[in-house]
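Below is one structure, written out as structure tokens; the observations come after it.
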Amino acid sequence: MDCLFCKIIKKEIPAEIIFENKDVIAFNDINPIAPVHVLVIPKKHIASVASAAQEDTLLMGELIMTAKKIADDLKISEKGYKLLIRVGKGGGQEVKHIHLHLLGGVKLSENNL
Ligand code: AMP
């Protein structure tokens, strides 16, 4: 399958991977819009939240809990951060493999992010 993020999972293209387990992988966004900009993705190829199935419920929760752990590790939890999932064209989603953006390290409300 010709999916950019599946290639990152298979280590066919490089990424700054900061966390990985059997279900999810997290890496730095190549074009960050905040000092902390990490993408957390499922290893299973799911094109978008719109095409996730009931059986993906736990996996979807794991994306959020992984982002929480990374935020804790990066010590941005106290100040706060934003979790963002774009869904489909109208939602601004460009890469068709579910990804949760973890954005932080800046006061987001003042930057309209
Ligand atoms: P979205 O617009 O929500 O689909 O987000 C796609 C994100 O993937 C953007 O923030 C891109 O900067 C990021 N991105 C695209 N290619 C790469 C890559 N090779 N490594 C890391 N992040 C990427």
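Number of residues in the stretch 1-60 that are at positive phi and assigned to a helix (DSSP H, G or I) equals 0.
Figure legend. Inter-residue proximity from the stretch 1-21: first residues free of Cβ contacts under 8 Å to residues at least 60 places away in the same chain, second residues away from the ligand (no atom under 13 Å from the Cβ), beta-carbon distance below 7 Å, spacing 6+ or different chains. Indicated pairs: Met1/His45; Ile9/Lys43; Ile18/Ile70; Phe19/Thr66; Phe19/Ile70.
When the stretch 1-48 is filtered for residues that are more than 12 Å from the ligand (Cβ to nearest atom) and open to solvent by 80 Å² or more (accessible area, probe 1.4 Å), the ones remaining, listed by number, are Met1, Asp2, Lys10, Lys11, Lys22, Pro35, Lys44.
With respect to (1) within 17 Å of Phe5 (Cα to Cα); (2) without any contact (Cβ under 8 Å) to a residue 40 or more places away in the chain, the lone exception for His99 is condition (2).
Do we find that Val49 is of a type outside the set (Gly, Ala, Ser), in contact (Cβ under 8 Å) with a residue 60 or more places away in the chain and either in contact with a Cys (Cβ under 7 Å, 6 or more places away or on another chain) or closer than 21 Å to Leu103 by Cα (or both) in this structure? Criteria not met by Val49. Quick one: which residue in Leu102, Leu74 is of a type outside the set (Lys, Arg) and within 16 Å of the ligand (Cβ to nearest atom)? The match here is Leu102.
The values are calculated or read from the model by the stated rules, or taken from the named source; none is laboratory data. These figures come from a predicted structure and were not determined experimentally. Please note: Cβ atoms are built from the backbone with ideal geometry, for glycine as well, and neighbour counts cover all protein chains shown. Surface areas here come from the heavy atoms of the whole protein model, side chains and all, with no ligands, DNA or RNA. Shrake-Rupley method; radii C 1.70, N 1.55, O 1.52, S 1.80 Å.
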